[in-house]
Amino acid sequence: MSTSPAPVPTAALTAPQRLVVLIAILASFVTSLDSSVVNVALPAIARDLGGGLSTQQWTVDAYLVTLSALMLLAGSIADAYGRIFIMRIGLVAFGVSSIAVGIAWTPEIMVASRALQGAAGAFLLPSSLALITSRISGKAQGKAIGVWTAATTGAMIVGPLLGGLFTDYLSWRYVFLINVIPIGLTLWLLTKLPDRQESRAGVRIDWLGGAAAAIGLGLAVYALIEEPAHGWGAPAIWVPLALGVAFFGFFLWWQTRVPSPILPLSLFKIRNFWVGNVATLFIYAALSLNGFVLGIYLQNSDGPHLTATLAGLSSLPITVLMILLSSRMGSLAGTYGPRVFMTVGPLLLGIGAFLLLSVGSPFSYWTQVLPSMIVMGLGLSVMVAPLTSAILGAVGPERSGIASAVNNAVSRVAGLIVIALLSTIVGGTLNLAGFHSAVWVTAVLFIVGGVVSWMGIRNPPGEAAPAGAPAAAKG
């Protein structure tokens, strides 16, 4: 005889907590938006500035290189000097660099401005989430992270829609210029937040480690993007690739020697932390690849040849489902544990990706794309908040800044690598065959992420495991 589970208690947020969540959402919204808004605007950017596929790849990856490489350093700085102080710096810098992106008139200026924008964004993402984990605790924290996740992930999904509307009816430039509005609002709201001493005295910043990580990632990504044009045997490719690997190897070695590492390798002794980040690597590589190829392929002249607006609208069902379900899933994961959510979510995403194999000629959004978007929206809603909660819940609040930075960096590095390898994945051309190749890679990455979660994640002691699941273990 079985009994139904007890009702899941809701964790209402107080007014100060809601203010914290709103600030965190706005601060990370602009970075999440700008990392995704370019996907459907890339064809127009390439037409205006020139440079073809290489310009499109660098427009995305220049942002991700600095965002990924500097996020670890920014997380340490936020822990040392206080999240609010660092958030203010990041907001101002992001606003200035967004204006530079909006007025870029050559591919080189676009790439340089995007790199500066990514560097500023590195100071926003870890600070925003760490602000929640340091000021909200208990079951309310799970709900807060769920709300934050729904909004920020929704920004990543709604970005293509906004990019399409601006590209078709105004200009792709305006979507970057309007960043000053949410940035100004966030700076004002920060003045309403009760002041609290969040800095930690005596913390040393690992500037050398931060530089080594940035140089290593930058050189490796350059080699991966430019390889199709030169070949692996060309010195212009293997030399920067070898140097990039060497710099990154030095970075890892240095983290075992420096007193205050920006990447505390001891964190990876915590089971849910390292398993969650491995799952993040696969899942966010798949999300980045899917968003990039779908936004471009739907606009291709030898494909469906949709407008930028319609290409952006294609992912709207994902946004709607994220908004409706993410907060609830965060609360459920706080009660039942994250393992089953982190397993089922990626598997649903993989099924949704496989559904895109039906895309062909003649093209029909309603039968070839919409079913995939619905299944993927359900998968994202089930997974994202529990994934974040599991990783940050595995470490103490005093290290929430660096833990958040590591997880955000892993997700961005995943996207960075997969976009750099795009030519290899699609066979050099993003036609229908190339699109299907990318779909296969996307689906496999999602499924691997789900398998990793099921095999490695453990529910914290005291949280109920789903029927038939092994008992939670500490580790």
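The values are calculated or read from the model by the stated rules, or taken from the named source; none is laboratory data. What you are looking at is a predicted structure, and each value in this text was computed from that prediction instead of being measured. Cβ sites come from the backbone with ideal geometry, for glycine too, and all protein chains shown count toward neighbours. Note: areas computed on protein heavy atoms with side chains; ligands, DNA, RNA excluded. Shrake-Rupley method; radii C 1.70, N 1.55, O 1.52, S 1.80 Å.
Quick notes
- Estimated [θ] at 222 nm from DSSP helical runs (n ≥ 4, -39500 (n - 2.57)) normalised by residues in the chain, nearest 500: -25000 deg cm²/dmol
- Of the DSSP H helices in the chain, those that are both long (alpha-carbon extent of 18 Å or more along the helix axis) and hydrophobic (Kyte-Doolittle mean at least 1.0) are 15-49, 83-102, 207-230, 235-255, 271-297, 316-336, 339-355, 370-393, 400-420, 432-456.
- Charge tally around S128: other residues with Cβ under 13 Å, Lys/Arg +1 each, Asp/Glu -1 each, net +3.
- Probe 1.4 Å - accessible area at D168, Å² to nearest ten: 60
- Other residues within the sphere of radius under 11 Å centred on the Cβ of L421, judged by their own Cβ, net out at -2 (K and R +1, D and E -1).
- At R0 = 30 Å, FRET efficiency that the Cβ-Cβ distance of V451 and S358 yields, to 0.05: 0.75
- Inter-label distance for L170 and A211, nm, one decimal - labels placed 7 Å from Cα along Cα-to-Cβ: 4.1
- Rounded Å value of the spacing that divides the Cα centres of the stretch 225-278 and the stretch 362-398: 27
- About the Cα centre, charge dipole magnitude for the chain (Lys/Arg +1, Asp/Glu -1 at Cβ), debye: 1360
- Near V293, once Lys and Arg are set to +1 and Asp and Glu to -1 for all other residues with Cβ below 15 Å from its Cβ, the sum equals -2.
- Three-way shape call for the chain based on the alpha-carbon gyration tensor, with the a/c threshold at 1.5: rounded
- The shape of the stretch 313-366 comes out oblate: with a ≥ b ≥ c from the C-alpha gyration tensor, a/c is at least 1.5 while a/b does not beat b/c.
- Ligands, DNA and RNA are left out, and with a 1.4 angstrom probe the accessible area of the stretch 280-393 is 33 Å² per residue.
- Shape category assigned to the stretch 83-182 from the gyration tensor of Cα positions, a/c cut at 1.5: oblate
- For the chain, with +1 on Lys and Arg beta carbons and -1 on Asp and Glu, the positive-most of I270, M71, L378 along the dipole: I270
- Taking the 1.4 Å solvent-accessible surface of the chain as the whole, the part contributed by carbon and sulfur is 70%.
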